[in-house]
Amino acid sequence: VLPGHLENDLASIRQNLSLTVDCGPRDIRDLPVFFGEKRARDADYGQHSIEIIAEVNHADRLTAEQLVSTAQRLIADGADRVDLGCTPGNRWASVGDAVRRLRDLSIRVSIDSFDAWEVAQACKAGAELVLSVNSTNRNAAVDWNTEVVVIPDVPGDEKSFEETIDFLAQRGIPMRLDPILEPLGCGFTSSLERYAACRKKYSEAKMLMGIGNITELTDVDSAGVNVLLLGICQELNIQSVLTTEVIN
């Protein structure tokens, strides 16, 4: 039995030997298969250190059954948490019931809204994370007793970003920092630099990257894009990503 990459030379070898000559697999991990066994897989295969938060866009427009079905599918596809995206200007009166319904199914939930009332109701019902907080709603965040994602007032506005971080830190509010990832051609490279600068300045802080601005707004298959973005997150120790499934 010879190494798999020698298969092109088998004819001449067989002519000069009075033995049966075969090549093993090219990939050593397939060696058990060559001998009739199943391919072994590491015990920790599939484990990951970056939390995947999957957003249900316009969750308030779905029926209770549709929301549960969508959330369960996202969890089955690998999401660690389901984010309920609200509709600006349209208050979701039953947001608390929606959160409780998912929590009863042991689905972890975050709430995505700048409506302080909606967020308060969701937090009371069991939402564990709020997206997002800046200078416009940071005062309300003090009463939610829930971890929040901090963003700048506008992308690149470091002053408002740092002021909100300091405001929440002084009040003991747990947070994740998100400098905001911008689309290709609209400041993407500069936004990556801001993530790196944020990690350098806040070396121990939790961070989140909303990758949907790239995967949803780039007309290309998302798998390779996700690999690159996750690689950046891994190197910068960004522990969570927010992703969506809206655009075909």
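Could we say that ALA79 is of a type outside the set (Val, Ile, Thr) and either more than 14 Å from the chain's Cα centre (by Cα) or farther than 30 Å from PHE114 by Cα (or both) here? Write out each step before concluding.
Details: of a type outside the set (Val, Ile, Thr): yes; either more than 14 Å from the chain's Cα centre (by Cα) or farther than 30 Å from PHE114 by Cα (or both): no.
Considered against the rule, which asks whether it is of a type outside the set (Val, Ile, Thr) and either more than 14 Å from the chain's Cα centre (by Cα) or farther than 30 Å from PHE114 by Cα (or both), ALA79 comes out as no.
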Residue pairs, Cβ under 8 Å, 6 or more apart or interchain, first in region 192-204 and within 18 Å of GLY231 (Cβ to Cβ), second in a helix (DSSP H, G or I). List them.
LEU192/ILE232; ARG194/GLU158; TYR195/ILE232; TYR195/LEU236; ALA196/LEU236; ARG199/LEU236
Being among the hydroxyl-bearing types (Ser, Thr, Tyr), closer than 27 Å to ASN57 by Cα and modelled with pLDDT of 95 or more: is that true of SER203 here?
no
Tally the residues that are within 17 Å of the chain's Cα centre (by Cα) and surrounded by 20 or more Cβ atoms within 10 Å (Cβ to Cβ), restricting the search to region 194-211.
6
So in region 35-76, with the set limited to residues that are open to solvent by 80 Å² or more (accessible area, probe 1.4 Å) and more than 24 Å from the chain's Cα centre (by Cα), which one is farthest from THR215 (Cα to Cα)?
PHE35
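Please verify whether GLU65 is acidic (Asp, Glu) and in contact with a strand residue (DSSP E or B) (Cβ under 7 Å, 6 or more places away or on another chain), treating the condition exactly as stated.
Values: acidic (Asp, Glu): yes; in contact with a strand residue (DSSP E or B) (Cβ under 7 Å, 6 or more places away or on another chain): no.
Here the answer is no, as GLU65 does not meet what is asked.
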Any idea which of GLY156, GLY185 is open to solvent by 30 Å² or more (accessible area, probe 1.4 Å), out of contact with any Lys or Arg (no Cβ under 9 Å at 6 or more places or on another chain) and at positive phi?
GLY185
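For residues in region 171-182 being open to solvent by less than 50 Å² (accessible area, probe 1.4 Å) and assigned to a loop (DSSP other than H, G, I, E, B), which is farthest from ALA125 (Cα to Cα)? Step through it out loud before you land on a result.
If we filter region 171-182 for residues that are open to solvent by less than 50 Å² (accessible area, probe 1.4 Å), which is where we start, we get 173, 175-182.
So of that shortlist, the ones also assigned to a loop (DSSP other than H, G, I, E, B) come out as 173, 178-182.
Details: ILE173: 19, ASP178: 25, PRO179: 28, ILE180: 28, LEU181: 30, GLU182: 32 Å.
The extreme case among them is GLU182.
Name the residues in region 32-58 that are touching a Ser or Thr at 6+ places or on another chain (Cβ under 8 Å) and either more than 15 Å from VAL99 (Cβ to Cβ) or hydrophobic (A, V, I, L, M, F, W, C) (or both), would you? Please lay out each step first, then the result.
Going through region 32-58, the residues touching a Ser or Thr at 6+ places or on another chain (Cβ under 8 Å) turn out to be 50-58.
Passing the criteria: ILE50, GLU51, ILE52, ILE53, ALA54, VAL56, ASN57, HIS58.
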Near pairs, Cβ below 6 angstrom, 6+ apart or cross-chain, from region 141-170 (part of a loop (DSSP other than H, G, I, E, B)) to any residue that is crowded, with 22+ Cβ neighbours inside 10 Å and β-branched (Val, Ile, Thr)
THR146/VAL130
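Just to be sure, is VAL241 touching a residue at least 60 places away in the same chain (Cβ under 8 Å) and more than 13 Å from the chain's Cα centre (by Cα)? Even if it seems obvious, please write down each step before you answer.
Working: touching a residue at least 60 places away in the same chain (Cβ under 8 Å): yes; more than 13 Å from the chain's Cα centre (by Cα): no.
Spelling it out, it is not the case that VAL241 is touching a residue at least 60 places away in the same chain (Cβ under 8 Å) and more than 13 Å from the chain's Cα centre (by Cα).
Considering region 114-133 alone, what residues qualify as being open to solvent by 10 Å² or more (accessible area, probe 1.4 Å) and touching a residue at least 24 places away in the same chain (Cβ under 8 Å)?
Initially, region 114-133 is screened for residues open to solvent by 10 Å² or more (accessible area, probe 1.4 Å), giving 114-117, 120-121, 123-126, 128, 132.
The answer is PHE114, ASP115, ALA116, TRP117, ALA120, GLN121, LYS124, ALA125, GLY126, GLU128, SER132.
The values are calculated or read from the model by the stated rules, or taken from the named source; none is laboratory data. On a predicted model such as this, the values are computed, not experimentally measured, just so you know. All Cβ positions, even for glycine, are placed from backbone atoms using ideal geometry, and neighbour counts span all protein chains on display. The area values use the complete protein model at the heavy-atom level, side chains included, leaving out ligands, DNA and RNA. Shrake-Rupley method; radii C 1.70, N 1.55, O 1.52, S 1.80 Å.
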